[in-house]
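To start, the structure under review is shown below, and the notes come after it.
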Amino acid sequence: MPQPVIAATGLYVPPDSISNAELVTAFNAYVAAFNRDNAAAIQAGEIAALLPSSAEFIEKASGIKSRHVVDKSGVLDPAVMRPNIPERANEDISVLAEMAVRAARGALARWGGDIRDIGAVLCAASNMQRPYPAMAIEVQNALGIAGFAFDMNVACSSATFGIKTAADFISGGSVKAVLVVNPEICSGHLNFRDRDSHFIFGDVATAIVVTEEALARGGWTILGTRLKTQFSNNIRNNFGFLNRCAPEGIGTADKLFVQEGRKVFREVVPMVIDMIIDHARDLGVEPKILKRLWLHQANINMNDMIGRKVLDRVPTPEENVIILDEFANTSSAGSIIAFHSANSDFKPGDTGLICSFGAGYSAGTVFVRKR
């Protein structure tokens, strides 16, 4: 049975970045205008006044200091407060596919193998640009890859589910190599007028080349993968093609990202801790000796608690990688950014964990060992 290996990763970062201070300035301008325009209704108790935000509140609540976005002008305009992304012609590559291709080219270059050995392309991400044609097939076409391609969505766990799928394809002998791409324009589904969530997300694309051992040049042996899902409404996005069919119409309810953050924390963190420890035990890996944790980047407090429980001590910044401060939550791409940016010091035999968790609920663990 062929041994699957993470042979290389790639990262594409949009050039625009928004600091907490910039985001708060725009948000507070919107709040001031809303409260002014609705002063009578607020005074009468018909609606509640909106509360302003602050850069300090955002960083304390999340660990986020800034985020990269595909367009900052629209986000920072209090009259717009969403990214401006012009629609492209069908003959042009779509914006998500373009981001994925850029990340993929980086991963393919680092791998250095023959692209003809790649037999499948998976686009594993939270938000696809359209129902069809599949984003993965568009990426496959742009890169000139043969074989097959398909999209998969398991929210923030999409990348680890993609790695698991790729590893199974390789172990089963279906293909020799798989390209997994994770393009995320999370700013497109974020309500920038909501104080509790307007700061959470950023945009980015990552890519992973998973191959059989014979095609890898170095890389990381995949020791084991495990997936878990458990239904919850505490993180939800209702935007979809069926909205137009609802008798009440598309504009009567919020169709953007919503979550019950405290419930998510209480329910997801214990689930992920137990999953990591159980999986490590089944693989014969002692969690305390893990050199690095590359966790999903949703909230620094969640990652701190998971790190402490898994390693049974307070982890160092090198052991529990945090990239939230620069990237914010990039959904499926977060743990891959962490892995991509912090593995160059690994020596053969060093072991680490890529772990995702998010809406669904969904969670994925991928234990890897440097070859």
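Select from the range 199-244 the residues that are touching a Gly at 6+ places or on another chain (Cβ under 9 Å) and among the polar types (S, T, N, Q) and write down the one among them that is surrounded by the most Cβ atoms within 10 Å (Cβ to Cβ).
T206
What's the number of the condition E267 fails, among (1) of a type in the set (D, E, K, R); (2) more than 23 Å from Q230 (Cβ to Cβ); (3) touching a residue at least 60 places away in the same chain (Cβ under 8 Å)?
With (1) of a type in the set (D, E, K, R); (2) more than 23 Å from Q230 (Cβ to Cβ); (3) touching a residue at least 60 places away in the same chain (Cβ under 8 Å) applied to E267, the lone miss is (2).
Based on this model, can you work out whether N28 counts as surrounded by 20 or more Cβ atoms within 10 Å (Cβ to Cβ) and touching a residue at least 12 places away in the same chain (Cβ under 8 Å)?
Details: surrounded by 20 or more Cβ atoms within 10 Å (Cβ to Cβ): no; touching a residue at least 12 places away in the same chain (Cβ under 8 Å): yes.
No: the conditions fail for N28.
For the range 345-359, which positions are of a type outside the set (A, V, I, L, M, F, W, C) and either surrounded by fewer than 18 Cβ atoms within 10 Å (Cβ to Cβ) or under 11 Å from the mean Cα position of the chain (by Cα) (or both)?
In the first step, residues of the range 345-359 are kept if they are of a type outside the set (A, V, I, L, M, F, W, C); the result is 345, 347-352, 356, 358.
Those that are of a type outside the set (A, V, I, L, M, F, W, C) and either surrounded by fewer than 18 Cβ atoms within 10 Å (Cβ to Cβ) or under 11 Å from the mean Cα position of the chain (by Cα) (or both): D345, K347, P348, G349, D350, S356, G358.
Being at pLDDT below 95, under 20 Å from the mean Cα position of the chain (by Cα) and surrounded by 24 or more Cβ atoms within 10 Å (Cβ to Cβ) is the requirement here; does L190 meet it?
Details: at pLDDT below 95: yes; under 20 Å from the mean Cα position of the chain (by Cα): yes; surrounded by 24 or more Cβ atoms within 10 Å (Cβ to Cβ): yes.
When the stated conditions are applied, L190 passes them.
Against the conditions (1) without any contact (Cβ under 8 Å) to a residue 60 or more places away in the chain; (2) out of contact with any Ser or Thr (no Cβ under 9 Å at 6 or more places or on another chain), where does F192 fall short? Just the number, please.
The single condition F192 does not satisfy is (1).
Under 6 Å between Cβ atoms, at least 6 apart or on separate chains: pull out the pairs that start in the range 70-98 with a residue that is closer than 19 Å to N127 by Cβ and without any contact (Cβ under 8 Å) to a residue 12 or more places away in the chain and end on any residue that is assigned to a loop (DSSP other than H, G, I, E, B) and of a type outside the set (G, A, S).
Every condition considered, the pairs that remain are G74/V80; G74/R82; G74/P83; G74/N84.
How do the helices (runs of 4 or more DSSP H) wholly within the range 33-137 filter down when requiring 1 or more residues that are basic (K, R): which remain?
Values: elements: 39-43, 55-62, 95-111.
Output list reads 55-62, 95-111.
Is it true that I64 is hydrophobic (A, V, I, L, M, F, W, C), within 17 Å of S17 (Cβ to Cβ) and out of contact with any Pro (no Cβ under 7 Å at 6 or more places or on another chain)? Before the answer, list the steps.
Details: hydrophobic (A, V, I, L, M, F, W, C): yes; within 17 Å of S17 (Cβ to Cβ): yes; out of contact with any Pro (no Cβ under 7 Å at 6 or more places or on another chain): yes.
Yes, satisfied.
If we scan the range 329-342, do we find a residue that is part of a loop (DSSP other than H, G, I, E, B) and aliphatic (A, V, I, L, M)? Spell out how you get there, then give the answer.
First pass over the range 329-342, keeping only residues part of a loop (DSSP other than H, G, I, E, B): 330, 342.
Filter once more, so that each one left must be aliphatic (A, V, I, L, M): 342.
Within the range 329-342, one or more residues are part of a loop (DSSP other than H, G, I, E, B) and aliphatic (A, V, I, L, M).
Go through the range 254-304 and give me each residue that's part of a helix (DSSP H, G or I), closer than 17 Å to I64 by Cβ and among the hydrophobic types (A, V, I, L, M, F, W, C).
Our first condition is that a residue be part of a helix (DSSP H, G or I); within the range 254-304, this holds for 261-283, 287-289, 300-304.
When the remaining residues are screened for being closer than 17 Å to I64 by Cβ, the result is 261, 264-265, 300-304.
Once the filter is applied, which keeps residues that are part of a helix (DSSP H, G or I), closer than 17 Å to I64 by Cβ and among the hydrophobic types (A, V, I, L, M, F, W, C), the range 254-304 yields V264, F265, I300, M302.
Please determine, by comparing only the residues of the range 305-314 that are assigned to a loop (DSSP other than H, G, I, E, B) and in contact with a Lys or Arg (Cβ under 7 Å, 6 or more places away or on another chain), which one is nearest to P270 (Cα to Cα). Give the derivation first.
Quick first cut of the range 305-314, residues assigned to a loop (DSSP other than H, G, I, E, B) only: 312-314.
Those left that are additionally in contact with a Lys or Arg (Cβ under 7 Å, 6 or more places away or on another chain): 312, 314.
Details: D312: 14, V314: 17 Å.
For the range 305-314, the residue satisfying everything is D312.
The values are calculated or read from the model by the stated rules, or taken from the named source; none is laboratory data. Remember, predicted model here, so these are calculated numbers, not experimental data. So basically every Cβ, Gly included, is an ideal-geometry build from the backbone, and we count neighbours across all protein chains shown.
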